[in-house]
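The values are calculated or read from the model by the stated rules, or taken from the named source; none is laboratory data. Remember, it's a predicted structure, so these values are computed and weren't measured experimentally. Please note: Cβ atoms are built from the backbone with ideal geometry, for glycine as well, and neighbour counts cover all protein chains shown.
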Amino acid sequence: MNYSEIVEAEGHLVDSQILSKIFDRVLERGAAYEVVDFSLGRNNNEFSHLKLRVVAPSEEVLRKTLEELVELGCYQMELADAVLRPAPDDRVVPDDFYSTTNHRTYVRRRGAWLEVGRQRMDAVIIVEQDSTTCRKLRDVRKGDMVVCGVHGIRIQPEFKERDRLGFAFMANEISSERRAETAVRKIVEMMQQVKAEGGRIVFVAGPVVVHTGGTAAFCEIIRKGYADALLAGNAIAVHDIEHTLFGTSLGVDLENGIPIEEGHKNHMRAINTINRYGSIRGAVEAGALRSGIMYELVKNGVPFVLAGSIRDDGPLPDTEMDLIRAQEAYAEQLVDARMVICLSSMLHSIGVGNMLPSWVRVVCVDINPAVVTKLSDRGSQQTVGVVTDVGTFLNLLAQQLWT
């Protein structure tokens, strides 16, 4: 006996290669498909529409196939409300909970489609009255109504449109052979449009920004209003402050590239200076810190979050060493972000990518192609990779932003 179900999907299915992915996914799961109907969209404003019959040899194969097709934007024709079950305990959900993707998601409730709030991957969906929201497992409380299974779930994948500010050519291309100048020009166009529309741009940065001579350019970007928040670790702040106070980074004179005598103490001296004033802001207000990235953030009212790790010296008094509080602070700064630029910080970039919905454009800059690839491989497929030196990238970016 065969088991079957008809599903539908719509959007730029061909341009985004979603159509072929749907067919491949059905076959990979041991099922078969029959195209009941297909209409092709002919321009950016016209979606394609697919009606597909999925046939499987067992109910289990059909169920698993349909679950995976939901992630590609398919939904069942037989419309039913989402299944809700109460959380049996704090931080515990029913075994058949629905695990979210980073794509725009809708839940059918009382015959209407409700868009899920605070969209992110690897969360559950909680329904309260007529609203739905993504929630991490650790934040679930006993009795919360959890969406289970895939009935009444609809996903809208991000489509690779025919032209996205001339930016689409970069998607899924990660190569050290592409000219950095070309990539920077496209990024500048997107940044300018985001700001013209009142959107927010968030930077994620590692200490390489300081090591590679990108400090002055990054400071100019902050002063010009193109940075709405900085998410980083303890290291970039320490190295930036060390450079400001002593002209070194990890004891190396950045002007001539050679270690200075007793320079190994300078990062600890930098931490000690900030400790004396109680915070980075305190040092700025006291006149002890007069330039650099952290100075510009404070003076221009740009929020920053420093998330600590087990390897941090000090750390600075501003660094949040509680992992959960640091994650929540990151997530708060990412609300309503339209664009995120990651500068050579693999772990922080991957962490931020996991918090973002798929419609937020992400640019990842690193000299190592593997870092850029990892971010995309972990689900942040909206990431555009630029393989180049971060200092070079920032200097090109600053130049082109006001030319």
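Tabulated values for the structure
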read-out: Some residue of the stretch 316-337 being out of contact with any strand residue (DSSP E or B) (no Cβ under 8 Å at 6 or more places or on another chain), touching a residue at least 40 places away in the same chain (Cβ under 8 Å), over 26 Å from residue 191 (Cβ atoms) and part of a helix (DSSP H, G or I); value: yes
read-out: The stretch 301-326, residues that are within 21 Å of residue 227 (Cβ to Cβ) and either surrounded by 12 or more Cβ atoms within 10 Å (Cβ to Cβ) or not assigned by TED's automatic domain parsing to the domain that holds residue 275 (or both); value: 302, 303, 304, 305, 306, 307, 316, 318, 319, 320, 326
read-out: Residues that are under 17 Å from residue 291 (Cβ atoms), of a type in the set (Gly, Ala, Ser) and in contact with a His (Cβ under 7 Å, 6 or more places away or on another chain), drawn from the stretch 242-277; value: 249
read-out: Tally of residues being touching a Pro at 6+ places or on another chain (Cβ under 8 Å), over 18 Å from residue 66 (Cβ atoms) and among the hydrophobic types (A, V, I, L, M, F, W, C) across the stretch 5-49; value: 0
read-out: Within the stretch 263-314, helices (runs of 4 or more DSSP H) holding 2 or more residues that are under 17 Å from residue 248 (Cβ atoms) and touching a Gly at 6+ places or on another chain (Cβ under 6 Å); value: 266-277
read-out: One residue from 71, 46, 34 being touching a strand residue (DSSP E or B) at 6+ places or on another chain (Cβ under 8 Å), closer than 20 Å to residue 16 by Cα and not aromatic (Phe, Trp, Tyr); value: 71
read-out: Hits in the stretch 62-77 (condition: aliphatic (A, V, I, L, M) and surrounded by 17 or more Cβ atoms within 10 Å (Cβ to Cβ)); value: 62, 66, 69, 70, 72
read-out: Neighbours by Cβ (under 8 Å, 6+ apart or cross-chain): first from the stretch 383-403, in contact (Cβ under 8 Å) with a residue 40 or more places away in the chain and part of a helix (DSSP H, G or I); second surrounded by fewer than 19 Cβ atoms within 10 Å (Cβ to Cβ) and polar (S, T, N, Q); value: 401/192
read-out: Some residue of the stretch 331-346 being touching a Leu at 6+ places or on another chain (Cβ under 9 Å), outside the structural domain of residue 99 (by TED's automatic domain parsing) and surrounded by fewer than 19 Cβ atoms within 10 Å (Cβ to Cβ); value: yes
read-out: Filtered residue count, the stretch 80-100, keeping only those that are in a loop (DSSP other than H, G, I, E, B) and in contact with a Gly (Cβ under 8 Å, 6 or more places away or on another chain); value: 6
read-out: Hits in the stretch 236-262 (condition: touching a strand residue (DSSP E or B) at 6+ places or on another chain (Cβ under 8 Å), of a type in the set (Asp, Glu) and not in a helix (DSSP H, G or I)); value: 253
read-out: Any hit, the stretch 40-49, residues being under 24 Å from residue 106 (Cβ atoms), surrounded by 15 or more Cβ atoms within 10 Å (Cβ to Cβ) and in contact with a helix residue (DSSP H, G or I) (Cβ under 8 Å, 6 or more places away or on another chain); value: yes
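The rows are residues; the columns are (1) more than 16 Å from residue 146 (Cβ to Cβ); (2) in contact (Cβ under 8 Å) with a residue 60 or more places away in the chain; (3) outside the structural domain of residue 154 (by TED's automatic domain parsing).
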| residue | (1), (2), (3) |
| --- | --- |
| 31 | yes, no, yes |
| 39 | yes, no, yes |
| 53 | yes, no, yes |
| 90 | no, no, no |
| 94 | no, no, no |
| 104 | yes, yes, no |
